[in-house]
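Each remark here refers to the structure printed beneath this line.
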Amino acid sequence: MVGIIYFFVIVTANTIGAVSGMGGGVLIKPIFDFIGAHTVAAISFYSSVAVFTMSIVSTSRQLMSGRKINWKIVVWVSTGAVLGGILGNSTFEYFLRIFANDDAVQMIQIILTIIMLLFAFFYTTYDWKNFQLRYSFWYLFCGLILGFFASLLGIGGGPINVSLLMLMFSVSIKEATMYSICTIFFSQLSNLVTMGVSSGFGNFDLTILIYIVPAGIIGGMLGAKLSNVLSEKKVTTVFQLVIICVLLINCYNGFQLL
């Protein structure tokens, strides 16, 4: 029963996540927390697998559709995301060790997610200044930040991806969503590899992946299709609606932990 619920949550979340560039995990993680069927570590793992699967499908579909990609941005941001993903996962494992229970770690994730959601919402609502940074260092630095928070928070991508890419490099929201999904692929790959090497997957119920992987594929396909159809304005609207929805879910989950 839980697997079926997870399936529909992931299809919906990854479809919206692929369109908005958030990656789906920003919805999957708090909803799975709300369901409460698994531990924080297991939920982060399932979320990473779902978003990683979506990122493969979505990126390949975008390339097949003829979308032009600045590979310099992809390579440097993704390199930073890999390093950040390793650092983020190590930090997450550290928090699990030093805190007495999962609730404390979950609360940290919720607070940081809410801060990033508010930043993303205000950035896309108000006409804040954009920078036109072009040096490889800045691409690497951006990826490091994105990969770190993606892995630490277990959300795969997150609202900060699109906003930070737009802020630092003056790209449009549709370009930012595309680069965000590419970055998510590499950050989650490093996250899963690090997780497999450090603690392994033996503590998780891997039968749930029967529902998670197909759901990730379907969500990635639907999201890529919608992304090519929707206008910039509609993508921004989807982005902001998702932020509001996730803010409410995270606030509710936070109050439940108090």
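The values are calculated or read from the model by the stated rules, or taken from the named source; none is laboratory data. These figures come from a predicted structure and were not determined experimentally. So basically every Cβ, Gly included, is an ideal-geometry build from the backbone, and we count neighbours across all protein chains shown. We work out accessible area using only protein heavy atoms, side chains counted, and drop any ligands, DNA or RNA first. Shrake-Rupley method; radii C 1.70, N 1.55, O 1.52, S 1.80 Å.
The distance from the alpha carbon centre of segment 15-66 to that of segment 82-114 is 18 Å, rounded to a whole number. Pair-distance distribution P(r) for segment 137-195, from all Cα-Cα distances in 5 Å bins starting at 0: 4, 21, 33, 24, 12, 4, 1 percent.
Percentage of Cα-Cα pair distances in the chain greater than 25 Å, rounded to whole percent? Walk me through the intermediate numbers first.
On the way: 11891 of 33153 pairs.
Value for the chain: 36 percent of Cα pairs lie more than 25 Å apart.
With the biggest extent put first, the Cα atoms of segment 154-228 measure 43, 27, 15 Å across the principal axes.
Share of pairwise Cα-Cα distances greater than 24 Å in segment 1-135 is 42 percent (whole percent). Cut-off 20 Å, label point 7 angstrom out along Cα-to-Cβ of K129: give me the residues of segment 147-179 whose amide nitrogen falls inside. Hits in segment 147-179 for K129 at 20 Å: 163-172. Roughly what angle does helix 71-98 make with the longest principal axis of the chain, taking Cα atoms, 0 to 90 degrees, to the nearest 10? With both axes taken from Cα atoms, the answer is about 20 degrees. Pairwise Cα separations in segment 186-258 fall into 10 Å bins from 0 onward with the following percentages, short to long: 14, 24, 39, 21, 2. For segment 133-157 versus segment 158-184, the spacing of their alpha-carbon centroids is 10 Å.
Over all other residues within a Cβ to Cβ distance under 12 Å of R61, the charged ones net out to +2, with Lys and Arg as +1 and Asp and Glu as -1.
Count Lys and Arg as plus one, Asp and Glu as minus one, and take only other residues whose Cβ is under 13 Å from that of S227; the net charge is then +3. The local environment of V162, defined by Cβ-Cβ distances under 15 Å, has a net charge of +1 under the rule Lys, Arg +1 and Asp, Glu -1. Residues in the chain average 43 Å² of solvent-accessible surface per residue, probe 1.4 Å, ligands and nucleic acids excluded. Each 5 Å bin from zero holds the following percent of Cα-Cα pairs in segment 1-63: 4, 20, 31, 24, 12, 6, 2, 0. Report, to the nearest whole %, how much of the accessible area of the chain belongs to carbon and sulfur atoms, 1.4 Å probe, protein only. Roughly 71 percent, rounded to a whole number.
Can you give the charge dipole size of the chain about its Cα centre, rounded to the nearest 20 debye, using +1 on the beta carbon of Lys and Arg and -1 on the beta carbon of Asp and Glu?
The dipole magnitude comes to about 840 debye.
Each principal axis of the Cα cloud of segment 101-219 was taken in turn, and the coordinate range along them, longest first, works out to 47, 29, 28 Å. Take every Cα pair under 8 Å in segment 77-179 that's 6+ residues apart, average their separations, divide by the length, and report that relative contact order as a whole percent. Rounded, it is 45 percent for segment 77-179.
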